[in-house]
Structure formats: structure tokens, C-alpha cells
1. For a quick check of your reading of the model, give me the residue pairs whose first member lies in the range 126-147 and is farther than 30 Å from Met95 by Cα, whose second is crowded, with 23+ Cβ neighbours inside 10 Å and of a type in the set (Lys, Arg), with beta-carbon atoms closer than 9 Å and at least 6 apart or on different chains.
2. For Lys32, are the conditions met, namely being surrounded by fewer than 20 Cβ atoms within 10 Å (Cβ to Cβ), at pLDDT below 80 and in contact with a Ser or Thr (Cβ under 9 Å, 6 or more places away or on another chain)?
3. Tally time: how many residues in the range 196-223 are within 24 Å of Arg186 (Cβ to Cβ), in contact with a Lys or Arg (Cβ under 8 Å, 6 or more places away or on another chain) and either β-branched (Val, Ile, Thr) or at pLDDT 95 or above (or both)?
4. Among the listed residues Ala265, Ala239, Ala250, Ala277, identify the single one that is at pLDDT 80 or above, farther than 16 Å from Ala171 by Cα and in contact with a helix residue (DSSP H, G or I) (Cβ under 7 Å, 6 or more places away or on another chain).
5. Check the range 163-174 and report whether any residue there is outside any strand (DSSP E or B), modelled with pLDDT under 95 and of a type outside the set (Phe, Trp, Tyr).
6. Where residues in the range 82-114 are surrounded by fewer than 16 Cβ atoms within 10 Å (Cβ to Cβ) and hydroxyl-bearing (Ser, Thr, Tyr), which of them is nearest to Pro150 (Cα to Cα)?
Amino acid sequence: MDGMHYEGNIIRPPSEADSVILQVTVGCSHNKCAFCGTYKGERFKIKDEAVIDHDIRYAAKHLSFLRRVFLADGDALVIPRSKLMWIFTRIREEMPWIQRVGLYGNAKSILRKTPDELAQLKGLGLGIVYLGLESGDPEVLRDIHKGASPEKMIDAARRVREAGIKLSVTALLGIAGRARSLEHARATGRVLSAMDPNYVGVLSLMVLPNTEIGQKVRAGEFEVLEPLELLRELREMLASTEMSRGLFLANHASNYLPIKVKMPADRGRAIDQIDRALAGQIGLKPEWLRGL
């Protein structure tokens, strides 16, 4: 077959829109998160070297105008060290013009890599790791089956940053439901502060019917937050987040009020903007304009 080989749902961070999407795994090695329906029914596997090699050569020939590569699917960092090194080496051999390779990593797979292994990957072109924190509240992390404690998330973040690799962390508004909303927001801000990533991407929970949270909503066991409650949560999260530099972004399509904050300088101004929206002085995005 000519062309790139893709299986199942392919997802990528918004910032990788202009990247070669090289699928090296199918599905997600964890695949237990209560809010995620992306890989339901998908058995995780690492793709064959022959298929990966074909796709790298195809991209080198037909996509040479792109300067970045994103390794899909949900957790490419789980690939054993020798095979991962081979993938990065082949990208470098066939596409020497590539300026950055990015991938998703979860806390477990990051901590399985030694600092030396991460430094080697950095030397071969790994420029950014995307880590889904979702919440800094240990109770919420347990409830959504994230598979890592706040401490493990912080350790993983530090390991990435100490290797000189950029770190982008996602957090989810609404994931705690109504009862723990503000605890979740403050705890997430504290954990983000300790992680001190280059980028924070805040998304709003979109309830999908094929997920555990979707079932809980139908059963009346999980309360979905209203737009102003999500905004209050965002305000608390931002007010609790201390970053030495970098961007705090809540401009994803799922959010009601798009904000982009250069940390730490813009934080006060962004909190004022959220306060104005909470007071009804700034309009929110209508429901039909929101999307994943």
C-alpha cells in the first residue's frame, strides 16, 4: 500500500497540526481513563518496524515541506528503548530537516525511562512531551483511573524538564464534578506549579457516551458543571498556578472563554478578564461553537 498506514482513531495535540503524524503504536497502553473514549475496544500494540520504516520513507518523499513529526497514538513513550532509538534514528536519517519530534507520555512510561535515556532521545530530536495531568487532586486522579499520583506526575515532569525536553501538560475543567470543583482547581494549580512546564493546556470536559463518566452522568452520579462554574474553576486554577515562564492556555475549542496567558507576567490581567466574564461583562462562546 502506498501512503501512510493509519489504524483506528488518530489524535494529536492542537499544536501538532502542521506535523507529520507518524503512527508508531495503535491505541493507548493505559486505556482506563474514565473520561476518554478515544481508544475504547482498541487493543494496544506497537507497530511493526517494516510499516514504520515505510511511513518514514513515504513522509520523507512526499511531506518534506513539514518541519515537525508527532509520534501517535496515546503513549509512544512506552515503546522499549532500543526500538524507540531506532525510530528516532530513522527519522533523522531520512528527514534530516525535521526540527522537532513530539509525543504523548504518561507518568509511568516517562519514569520507566532513565534520565540518560531521555537525554539520548533529546539528542536524537525529541523536543516536546505532552503529559495529561487532568487533575492535581489525588481523589479525582483515583476516581478517573489515571494510574498515577500527584507526586508521580511531578516526578515525571521534572525528569522530562531535566533532560532539556519541553513539557506540555493538560488539565481538565469539570473533571471533578460539582462537589470537588474548587479543591480540584486549587490542587491542580499547586501540582502545575511544582511541575513548572513550558505549556499548560486547559480543556473543558466533554462528556462522551461511551465512557465511564458518560454512564455516571446518565445514572445521575456525576454532575456536569455549568459554563460559569467551569469559569470559576479556571479562575481558581490559574490563581493557584505559579510558573517561572511559559504559556497557560485555555483556548481549546472545548472552552467557553478562550484565554492565553504568558506566565507569570499576564496572570493578573487574565484573572481580571475571567472576573469580568463571571460578572457578565464579557460574553461566553455559545454551546454550538464548542468542539473537541
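The values are calculated or read from the model by the stated rules, or taken from the named source; none is laboratory data. Please read all numbers here as calculations on a predicted model, not as lab measurements. As a convention, Cβ positions derive from the backbone with ideal geometry for all residues, glycine included, and neighbour counts pool all protein chains shown.
1. Pairs that qualify, where the first residue is farther than 30 Å from Met95 by Cα and the partner is crowded, with 23+ Cβ neighbours inside 10 Å and of a type in the set (Lys, Arg), are Leu133/Lys146; Glu134/Lys146; Ser135/Lys146; Val140/Lys146.
2. It is false that Lys32 is surrounded by fewer than 20 Cβ atoms within 10 Å (Cβ to Cβ), at pLDDT below 80 and in contact with a Ser or Thr (Cβ under 9 Å, 6 or more places away or on another chain).
3. Number of matching residues: 4.
4. Just one listed residue meets the conditions, Ala277.
5. Scanning the range 163-174, I find at least one residue that is outside any strand (DSSP E or B), modelled with pLDDT under 95 and of a type outside the set (Phe, Trp, Tyr), so the answer is yes.
6. Thr114
Residue-wise test of (1) within 21 Å of Pro13 (Cβ to Cβ); (2) over 20 Å from the mean Cα position of the chain (by Cα); (3) assigned to a helix (DSSP H, G or I).
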position	(1), (2), (3)
Leu208	yes, no, no
Phe222	no, yes, no
Glu233	no, no, yes
Met237	yes, no, yes
Arg245	yes, no, no
Ile274	no, yes, yes
Gly280	no, yes, no
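One line per residue, one yes/no per condition, for (1) touching a strand residue (DSSP E or B) at 6+ places or on another chain (Cβ under 7 Å); (2) more than 24 Å from Lys146 (Cβ to Cβ); (3) surrounded by 21 or more Cβ atoms within 10 Å (Cβ to Cβ):
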| site | (1), (2), (3) |
| --- | --- |
| Ile213 | no, no, yes |
| Met237 | yes, no, yes |
| Ser240 | no, no, no |
| Pro264 | no, yes, no |
| Arg276 | no, yes, no |
